[in-house]
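Before any comments, here is the structure.
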There are 2 protein chains.
Amino acid sequence: MDIAGLCRLRSGLVLKEADAARKLTGAVAAGMTDGKAIDKLQTLNLAEKIAEIQNVFVAAKQYKLLIILQGMDTSGKDGTVKGVFGQINPLGTRTVAFKAPVQVEKDHDYLWRVHREVPGSGEIVIFNRSHYEDVLISKVHGWISEETCLQRYAHIRDFERMLSETGTIILKFFLHLSKAEQKHRLEERLADPDKYWKFDPQDLAERTHWDAYQRAYEHALAATDSDNAPWFVIPSDSKTQRNLLIAGIVLEKLESLKLKYPPMNPAYRRFLVE
Amino acid sequence: MDIAGLCRLRSGLVLKEADAARKLTGAVAAGMTDGKAIDKLQTLNLAEKIAEIQNVFVAAKQYKLLIILQGMDTSGKDGTVKGVFGQINPLGTRTVAFKAPVQVEKDHDYLWRVHREVPGSGEIVIFNRSHYEDVLISKVHGWISEETCLQRYAHIRDFERMLSETGTIILKFFLHLSKAEQKHRLEERLADPDKYWKFDPQDLAERTHWDAYQRAYEHALAATDSDNAPWFVIPSDSKTQRNLLIAGIVLEKLESLKLKYPPMNPAYRRFLVE
């Protein structure tokens, strides 16, 4: 099954079509598994393989891997980090959560704080939110004009192309949640004492802009999808299927690199440890 | 006299033509002054005006100013910093000298270390060497292919356009030195005890690639000159004329912004200090 192909956003694929893809991948996944437990077991299996390859990734120092996670509140960005990348050696891996910019960040262009955090050779970096917020929340709230937004799409395309041409592999995941499932998850946060701490009234305010956000995502994804920095639309109403899909795509990419531990430096052969 | 217009590199203007411009501006300057002393006095005058406007620049927090200095060894990049920007309040001004990249810089794309250092709002930053080294020394020594070099020109154009579109004013100066004058300056470093410390045998090695450097500069300047990030070719055999020209261009730009100290916040009017 070509999971990546199913989820890959193609130019012109709008989120409504992605909804259809969600049902499709849901069905495919349902055929493969018979429950959350099996999903979890499979994800764990993939996550371990990812962790194994990451050891070689660090040693080979040949590539840089940037993973971008975007999605509405409660769509499971944190859960993905834990579920898919929880096994990885922290040596050589970093997660960066981009919050509302602080003053020194506002004083610079919006890509400044992002560029600082991109991976170096042999490093895997996961962005929990990213420069895409600057064409999403900023657009929805009218902080930027349509013209500026289009300008930023171009900046982002240029920036990601440069990263790609200088050795960075970029995988972008949009965790696609339904409005009904978000309602359910927010209600859980208000009802379950273990989840009280996750509740933020701001999430309700943002929820009132649901349709505007869907449009903003639709435009942003279509404008910034490229072979060098592809978007994957991940149906995310099911947490276990979400993790399984993402782990599968990341592993597929890592395996395609056919990484090997570097050979011994010939000059070292003559050294003897006595 | 439109100094900026004289020095501004126009697409297709090659360095040979810039040589003609050097003679021309030399002649113009000669008509204006009758010696180094007058040049220096005039530069000091301009430098003080620059420093004055910089106070408003910091307070207004409206723009960011990036000045890039490039040129062969001994062309006077350090001297320009001292002569033109020596009067400026260090608060709100930084000079960044880019050396051969260290390991963590090599591990990232070549624009990474540069982007970290760009100015924030109200800041003036002077780059002594820059990302242009990555299409100059790298090209001359064959560390990058022709294809990679062209790719980098595009990256640089994209990067500088993004900076410009997000509020950064960019002025790029190529300090154009003649081969004979460089010989003279290197010999001085070998003969004058006060200048011994400046001598680096590596400069002699680079000098053997003089023609290749001229070609690399010619191509790089033509490929990356734009209205948003213009190149100025500054005849630099005369140190005093070099400083006078650069100070004139910087001041002209700063004056064109018509900056004012920000007005009082109306909410503060009701405060009384008793």
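The values are calculated or read from the model by the stated rules, or taken from the named source; none is laboratory data. Just so it is clear, the structure is predicted and the values come from calculations on it, not from any experiment. Cβ coordinates were reconstructed from backbone atoms using ideal geometry, including for glycine residues, and neighbour counts include every protein chain displayed. Note: areas computed on protein heavy atoms with side chains; ligands, DNA, RNA excluded. Shrake-Rupley method; radii C 1.70, N 1.55, O 1.52, S 1.80 Å.
Probing with 1.4 Å while keeping every protein chain in the model, the per residue accessible area of chain B equals 49 Å². Measuring r between the beta carbons of B:GLN202 and A:GLN103 and using R0 = 56 Å, the FRET efficiency lands at 0.85.
Using C-alpha pairs below 8 Å separated by at least 6 residues, the relative contact order for chain B is 34 percent. If you take the Cα centroid of the range B:93-108 and the Cα centroid of the range B:199-252, the two points sit 20 Å apart. For A:THR95, nonlocal amide neighbours, meaning residues 5 or more places apart or on other chains whose placed amide H falls under 5 Å from its own, are A:ILE126. Interface area, chains A and B: about 2100 Å² of buried accessible surface, summed, with a 1.4 Å probe and ligands, DNA and RNA left out.
Once the partner protein chains are put back, the range A:90-111 shows a loss of at least 40 square angstrom of accessible area, versus the chain by itself, at A:ASP107, A:HIS108, A:ASP109 (probe 1.4 Å, ligands and nucleic acids excluded).
Only alpha carbons enter this Debye calculation for the range A:3-259, each as an equal point scatterer, and the log10 of I(q)/I(0) it gives at q = 0.12, 0.13, 0.17 Å⁻¹ is -0.72, -0.85, -1.51.
When the surface is traced with a 1.4 Å probe over the full set of protein chains, B:TYR268 keeps roughly 120 Å² accessible.
Here B:ASP78 sits with roughly 110 square angstrom of accessible surface, probe radius 1.4 Å.
Hydrophobic long helices, here whole DSSP H runs in chain B with Kyte-Doolittle means of at least -0.5 and Cα atoms spread over 15 Å or more along the helix axis, are found at B:15-32, B:36-60, B:239-256. When the solvent-accessible area of chain B is split by element, carbon and sulfur atoms take up 55 percent of it, the probe being 1.4 Å. What separates the A:ALA97 label point from its copies, with the point 7 Å along Cα to Cβ, is 4.2 nm, written shortest first. Taking a threshold of 18 Å on the Cα-Cα distance, which of the pairs B:LYS179/B:LYS239; A:LYS61/A:LYS258; A:LYS253/B:LYS106; B:LYS64/B:LYS258; A:LYS40/A:LYS260 fall above it? Distance filter (> 18 Å) returns A:LYS253/B:LYS106; A:LYS40/A:LYS260. Plainly put, the tip 7 Å out from Cα toward Cβ on B:ASN55 is 6.4 nm from that tip on each other copy, the closest given first.
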